[in-house]
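The values are calculated or read from the model by the stated rules, or taken from the named source; none is laboratory data. Not measured: the values here are computed from a predicted model. Note that we place each Cβ from the backbone using ideal geometry, even for glycine, and neighbour counts take in every protein chain shown.
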Amino acid sequence: MARPRRAKFHPRLANFRQSAGLTQEQVAEHVGITAEMVRRHERGDSMPIELYRKRYCHLFGATEEDLGFRRGPAKGPVVQGGGSTSGLLLSANQFSTIQISPTEFGDSEYLESVRGHTQEIVKLDNQFGGADLVRLSTRLFRTVHNQLGVGAYDLKLERDLHSAAGELAEVVGWLAYDAEEHDLARRMNQESLYFTRLCGDKTTELLTLQNSSMHAASQGRPREALQIVRSVLEGDYRLSARLRTLFLTRKARALAQCGDESALQLFPEIRGLFLDGARDDDPAWAWWVDERELLWHEAMAHRDLGLTDQAVNQFEQSAAAVPANETRSQYVHRSYLLQAQIENKSWAEAENIMAQLVPLSMQVASTRAVVLLRNVLAQVATANGTIPPGVHEQAARLSAALDTAPV
């Protein structure tokens with residue numbers, strides 16, 4: 001049965017875009033869609049979903065009535081400072097009000113909306129952490145999963161929709177891991193592998209496999225983590241130097257957790273592969289493999305093997321390498337550094353890091369970091385009287401900050 005055409009609306013997008021001095025391609029980049037989709041919106045052939053309507057309004061400093069999305073009084077376009085596009089990224093609170101609704105039919109616009117939501121979630125996670133986003137992203141995945149399950153979509157888009165679902169499930173799995181929701185993380189990783197293997201998306205499949213290995217290791221299952229890594233390293237995947245770097249790093253971590261000191265012998269090979277550089281055909285997520293992450297994983301391997309002096313030095317280097325604007329990474333890296341400093345009895349350094357963690361704990365919603373810090377502070381509280389008073393005082397401040405942390 002033919003799907004009824006949507007009634008045209010009467011947009012004024014083109015007027016606002018031209019007054020702002022922007023091309024359709026520039027608007028598409030800011031809104032997070034294709035230029036063809038912008039043209040369809042400007043013609044009135046397709047009504048933008050709520051997320052994109054909000055972005056259009058933010059970009060042009062206008063209401064939905066102004067842009068013709070709703071009936072009501074409208075005012076004309078106003079040029080503001082040459083069409084400034086600063087501040088387009090939605091805050092976590094704004095994003096929490098945005099939901100994707102089931103549609104009658106999964107068309108190209110629906111596919112674009114799923115991908116757009118996924119990209120927005122990733123951006124917000126890098127700034128605010130996963131605890132605030134995991135419930136919203138899980139609801140989004142369930143909606144997409146149901147859309148695919150009932151078959152209400154254009155069959156020509158099936159592979160792309162399965163790929164989008166696999167990408168979204170991978171992101172939800174990561175957010176669940178950061179939020180300490182481990183059953184959900186495991187389930188989402190399995191969902192991601194299901195969809196990516198259905199459509200042959202090797203890129204997202206590999207990302208999910210390394211996530212699964214990471215998750216197993218974090219839950220005290222290093223043998224499982226090692227088996228996952230070996231299935232990739234010894235399988236028929238065509239790994240570039242950068243991807244081999246990633247999976248060898250996971251292997252070294254799992255071996256160290258098993259108490260196998262041969263883990264440390266892998267790091268010279270890992271660094272050599274890393275220095276070979278990235279290739280043009282490496283997946284977009286391969287940026288994850290950088291100097292700070294290698295230092296962090298080597299530090300974790302030394303810590304797992306009881307080599308705390310070396311671990312502290314490498315944790316310090318990894319924390320120092322995190323850019324100031326990546327608040328979630330700042331928070332997590334410094335949390336692990338503090339843990340190593342306390343274990344190594346580096347009291348003065350630990351007091352300084354706790355002072356840095358207090359403001360970060362009020363910005364980032366990472367349950368994983370909070371759980372780690374609670375355990376570290378418990379160690380401080382139960383230690384003997386050799387700990388300097390300043391450390392106890394700073395630990396009390398950090399504990400109070402964690403009581404109000406956004407988890």
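Working carefully through the options ARG328, ARG334, ARG368, ARG303, find the one that is modelled with pLDDT under 90, part of a helix (DSSP H, G or I), of a type outside the set (Val, Ile, Thr) and under 30 Å from THR386 (Cα atoms).
Values: ARG328 fails: under 30 Å from THR386 (Cα atoms); ARG334 fails: modelled with pLDDT under 90; ARG303 fails: modelled with pLDDT under 90.
Within the list ARG328, ARG334, ARG368, ARG303, the selection yields ARG368.
Considering only segment 1-41, how many residues are at pLDDT below 75 and surrounded by fewer than 19 Cβ atoms within 10 Å (Cβ to Cβ)?
Going through segment 1-41 one residue at a time, the tally reaches 10.
Check off (1) surrounded by fewer than 17 Cβ atoms within 10 Å (Cβ to Cβ); (2) in the same structural domain as ARG303 (by TED's automatic domain parsing); (3) among the polar types (S, T, N, Q) for THR249 and give me the number that stays unchecked.
So the condition that THR249 fails would be (1).
Being in a helix (DSSP H, G or I) and in contact with a Phe, Trp or Tyr (Cβ under 9 Å, 6 or more places away or on another chain) is the filter; apply it to segment 264-299 and report the residue that is modelled with the lowest pLDDT.
Residues of segment 264-299 that are in a helix (DSSP H, G or I), as a first pass: 264-275, 284-288, 291-299.
Filter once more, keeping what is in contact with a Phe, Trp or Tyr (Cβ under 9 Å, 6 or more places away or on another chain): 291, 294-299.
On the way: GLU291: 88, LEU294: 93, LEU295: 94, TRP296: 94, HIS297: 94, GLU298: 96, ALA299: 96.
My answer is GLU291.
Kindly indicate whether GLU261 is closer than 25 Å to GLN339 by Cβ, modelled with pLDDT under 90 and of a type outside the set (A, V, I, L, M, F, W, C).
Details: closer than 25 Å to GLN339 by Cβ: yes; modelled with pLDDT under 90: no; of a type outside the set (A, V, I, L, M, F, W, C): yes.
Against the criterion (closer than 25 Å to GLN339 by Cβ, modelled with pLDDT under 90 and of a type outside the set (A, V, I, L, M, F, W, C)), GLU261 does not qualify.
So that you can scan it fast, the table gives a plain yes or no per residue for (1) touching a residue at least 60 places away in the same chain (Cβ under 8 Å); (2) over 17 Å from THR118 (Cα atoms); (3) hydroxyl-bearing (Ser, Thr, Tyr):
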residue	(1), (2), (3)
GLU29	no, no, no
THR34	yes, no, yes
ARG43	no, yes, no
ILE49	yes, no, no
LYS54	no, no, no
HIS58	no, yes, no
GLY61	no, yes, no
GLU64	no, yes, no
ARG71	no, yes, no
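Quick one: PHE315 ticks every box in (1) surrounded by 19 or more Cβ atoms within 10 Å (Cβ to Cβ); (2) in the same structural domain as VAL371 (by TED's automatic domain parsing) bar one, so which box is it?
Result: PHE315 passes all but (2).
What number goes with the only condition from (1) touching a residue at least 60 places away in the same chain (Cβ under 8 Å); (2) out of contact with any Pro (no Cβ under 9 Å at 6 or more places or on another chain) that SER335 does not pass?
Failed condition: (1).
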